[in-house]
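Structure record follows, encoded as structure tokens.
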Amino acid sequence: MNTATIANLCVVVLYLLAMAGMGVYFMKRNSDTEAYFLGGRRIPGWALGISMVGNAISSITFLALPAAAYVLDYRWFTPNLALPVVALIAVWLFIPFFRRSRITTAYEYLEGRYGTGIRLYTAVYSMLGQLLRLALILYLVVLPLSELLHIGEGTAILLFGVITCFYTVFGGIEAVIWTDVVQTLILLGGALVCILAVVFQMPGGLPQIFDIGMQYDKFSLGPMEFSFDERTIVVMGLIGIFSALSEFSCNQTVVQRYIAAPTVREARKATLVCAFMCVPTWLLFLFMGTCLFAFYQVFPSAAVARMKPDDVFPHFILTRIWPGVGGVIIAACLAAAMSSLSGSINAISTIWTVDCLRLIRHKANDHFELLNAKLASGVAGIVMIAGAWGISQIPRESVYDLGNILGALLCSAGLMPFMLGFFTTRIGNRAILFGMYAALLFSFYNILNYFGWLPEPLRWNIHIYMAGPVCNLVMLAAAFAYSLVRPTSVTESLTGLTVWTLSPVPRKH
């Protein structure tokens, strides 16, 4: 190994040791499931908010957004503009729903609104989505790690996956939150360092980056026409609205942070911190992609020209960044991954224990549940490693693109049960179940359509990214149609379960 590689390795090893030390410290505080899942509901709002930012950024943002901006433009910024608006809705509406009683998961609300079956369906669907996200994030983070250590992607996936599992299984939510705070600051610092490294090496500095970006239309938000068969601004905007609604209303990693706060005020503070930090952060990572594009226009490289977009940023880190400083950026990438991986693994563990295990064993003692929670975290880690290896074998335009395609194809409208539950009083158990069946059929049809397995008359000409929003709309239409044809009594009492019947939240919660 050369001097630069050794210096980078030293920085990365020191970072990993520091994170492991924090995990060991918090491991001693996990005496029951309340501490393991919610940290005793005593974590301050500002820390929860920064943790939400770290969870939203992930290595998907750190590596794949620069890759998307490098190969295309800023069209992936449009979806993110919906987040602050939906965050305000969450502050006003969603947080009171989840803070009304001492629940642990988002899906406990659905049991009161629709019944046990709907709760179990959405909980399982959420776990599958989290597992897909885990695999994507882990694969992305091994790109620079494998090159840094001069090992294959498969070996790096196994190595980093095992380290992350060990840290997460025993740390609990407090370790997740407080390491997220440190990791978010590190990854933001790493992004700034990388941009400064490009600026200082460009002959014309920052103005030259903007000139090249304008010349190649890199700041464009995508096609502006009203069309659904390409990644137009309309398509990207709709994706952003549905994605943000899902994030703040039914994503367990976010809802768990609402509940872990000591008061409603602290939960709202956390959400606002996330809203104000996320959009500038996403813009920062997109600008990093523009910087890389400008750099390799000025300093052409035959090796870079042959690379996949996802590999350009890691290559720049390891070939054009000063010794030791490259290690800081690698550590920032690891921080982005660890914050998201640990949060999702803990969320899967929580969903399994609270929404699945407790439905099977009503009288399970807390020690048994805590043991199963840690076991579920370990299993999620194994699936994560296997999924990341599988992704490494799939051809794709970019991993960010692959993630959205898989999410769209596998969509079965996890958002809509919450939206219909919050905003209607006429949709009951049977209507929502009918809507779910319709959404599942649509997802099956969309898979056949995407892979070209349907005859020409049955195909549709809409971009695959629109499959998620349309799937939710199919469920909405089917549920309402059923409620009109077969009107039934929804529940004996909807008090506290809809926006029309929401009573004030007790101050202590």
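Here is the figure for segment 425-442: residues that are within 15 Å of Gly414 (Cβ to Cβ) and touching a helix residue (DSSP H, G or I) at 6+ places or on another chain (Cβ under 6 Å) total 5. All of Thr281, Thr271, Thr253 fail the test of being more than 27 Å from Ile391 (Cβ to Cβ) and of a type in the set (Val, Ile, Thr), apart from Thr271.
Select from segment 318-337 the residues that are open to solvent by 10 Å² or more (accessible area, probe 1.4 Å) and touching a residue at least 40 places away in the same chain (Cβ under 8 Å) and list them in ascending order. Residues satisfying the conditions are Leu318, Arg320, Ile321, Trp322, Pro323, Gly324, Val325, Val328. Scanning segment 67-83 for residues that are part of a helix (DSSP H, G or I) and either crowded, with 20+ Cβ neighbours inside 10 Å or at pLDDT 90 or above (or both) yields Ala67, Ala68, Ala69, Tyr70, Thr78, Pro79, Asn80, Ala82, Leu83. The condition (being in contact with a Phe, Trp or Tyr (Cβ under 9 Å, 6 or more places away or on another chain), open to solvent by 10 Å² or more (accessible area, probe 1.4 Å) and part of a helix (DSSP H, G or I)) is satisfied by just one residue among Leu286, Leu238, Leu272, Leu292: Leu238. What residue, among those in segment 418-454 that are open to solvent by less than 10 Å² (accessible area, probe 1.4 Å) and in contact (Cβ under 8 Å) with a residue 60 or more places away in the chain, is farthest from Gly468 (Cα to Cα)? Among residues in segment 418-454 that are open to solvent by less than 10 Å² (accessible area, probe 1.4 Å) and in contact (Cβ under 8 Å) with a residue 60 or more places away in the chain, the one farthest from Gly468 (Cα to Cα) is Gly428.
Would you confirm whether any residue within segment 139-156 is modelled with pLDDT of 85 or more and of a type in the set (A, V, I, L, M)? Scanning segment 139-156 turns up no residue that is modelled with pLDDT of 85 or more and of a type in the set (A, V, I, L, M).
One line per residue, one yes/no per condition, for (1) modelled with pLDDT of 85 or more; (2) within 19 Å of the chain's Cα centre (by Cα):
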{"site": "Val354", "(1), (2)": "yes, no"}
{"site": "His362", "(1), (2)": "no, no"}
{"site": "Ala373", "(1), (2)": "yes, no"}
{"site": "Ala376", "(1), (2)": "yes, no"}
{"site": "Ala388", "(1), (2)": "yes, yes"}
{"site": "Gln393", "(1), (2)": "no, no"}
{"site": "Val399", "(1), (2)": "no, yes"}
{"site": "Asn404", "(1), (2)": "no, yes"}
{"site": "Ala408", "(1), (2)": "no, yes"}
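For segment 318-342, a tally of residues being under 25 Å from the mean Cα position of the chain (by Cα) and over 10 Å from Asn8 (Cα atoms) returns 11.
Looking at this structure, is Thr116 at pLDDT 85 or above and among the polar types (S, T, N, Q)? Yes. Among the residues making up segment 11-66, those that are open to solvent by 10 Å² or more (accessible area, probe 1.4 Å) and in a loop (DSSP other than H, G, I, E, B) are Lys28, Arg29, Asn30, Ser31, Asp32, Arg42, Pro44. For Thr232, are the conditions met, namely being out of contact with any helix residue (DSSP H, G or I) (no Cβ under 7 Å at 6 or more places or on another chain) and open to solvent by 10 Å² or more (accessible area, probe 1.4 Å)? The answer is no for Thr232.
Going by what's in this entry, would Pro314 be described as over 19 Å from Asn55 (Cα atoms) and open to solvent by less than 10 Å² (accessible area, probe 1.4 Å)? Yes: the conditions hold for Pro314. Considering segment 106-123 alone, what residues qualify as being surrounded by 22 or more Cβ atoms within 10 Å (Cβ to Cβ) and more than 22 Å from Thr501 (Cβ to Cβ)? Ala123 - this is the single residue of segment 106-123 that is surrounded by 22 or more Cβ atoms within 10 Å (Cβ to Cβ) and more than 22 Å from Thr501 (Cβ to Cβ). Has segment 148-160 got any residue that is part of a helix (DSSP H, G or I), under 24 Å from Phe248 (Cα atoms) and not hydrophobic (A, V, I, L, M, F, W, C)? Among the residues of segment 148-160, not one is part of a helix (DSSP H, G or I), under 24 Å from Phe248 (Cα atoms) and not hydrophobic (A, V, I, L, M, F, W, C), which makes the answer no. Of the residues contained in segment 463-482, one or more are found to be among the hydroxyl-bearing types (Ser, Thr, Tyr), part of a helix (DSSP H, G or I) and in contact with a Phe, Trp or Tyr (Cβ under 9 Å, 6 or more places away or on another chain). Residue count for segment 196-238 satisfying the condition of being β-branched (Val, Ile, Thr) and modelled with pLDDT of 80 or more: 4.
The values are calculated or read from the model by the stated rules, or taken from the named source; none is laboratory data. Model, not experiment: these values are computed from the prediction. Neighbour counts run over all protein chains shown; Cβ positions are idealised from the backbone, glycine included. Ligands, DNA and RNA are excluded from the accessible area calculation, which covers all protein heavy atoms including side chains. Shrake-Rupley method; radii C 1.70, N 1.55, O 1.52, S 1.80 Å.
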